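What follows is calculated from the coordinates using simple rules that are stated; it is not laboratory data. If you're wondering where the values come from, they're calculated on a predicted model, not measured in any experiment. As a convention, Cβ positions derive from the backbone with ideal geometry for all residues, glycine included, and neighbour counts pool all protein chains shown.
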Amino acid sequence: MILCYELSMPGSPSWNGKWSGEGRCFAIIRSYRGKAREEKWNDGWCAKVSVRKVDNKEAARMRRKTIGFAAYDWMVDSIERNGVITTD
């Protein structure tokens, strides 16, 4: 199974209400073999992490397109570990 995690920042509290990364692709592709579970944020920003199942072709396209995950990889790790984003 291949999952694509995508990051966006709806409702950022910046001076102009926009996120500097808006319009760019922030994605992480993770592959799982066998049985896989399919199932620090105090600064006023609101993050959204979407996840969807993708095939090999879409995973390759997203790997080429992404510019990383803006140092928020810990959110994906938290989702995988806890099922939610938490700062534990």
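Lysine pairs in the chain 8 or more apart or on different chains: how many have alpha carbons under 15 angstrom apart?
4
Which distance in nm do the two modelled labels at E58 and Y32 give, with both placed 7 Å along the Cα-to-Cβ direction?
Taking the two extended label points, one gets 1.5 nm.
Projecting each Cα onto the charge dipole of segment 2-82 (Lys/Arg +1, Asp/Glu -1 at the beta carbon, about the Cα centre), which of F26, I79, P13 comes out farthest on the positive side?
Of the options given, the answer is F26.
Under a Cβ-only charge scheme (Lys and Arg +1, Asp and Glu -1), can you give me the dipole magnitude of the chain about the Cα centre, in debye to the nearest 20?
In total the dipole reaches around 440 debye.
Given (i) 26; (ii) 19; (iii) 31 as candidate values of percent of Cα pairs over 23 Å apart, which corresponds to the one derived from the coordinates?
Matching the structure shown: (i).
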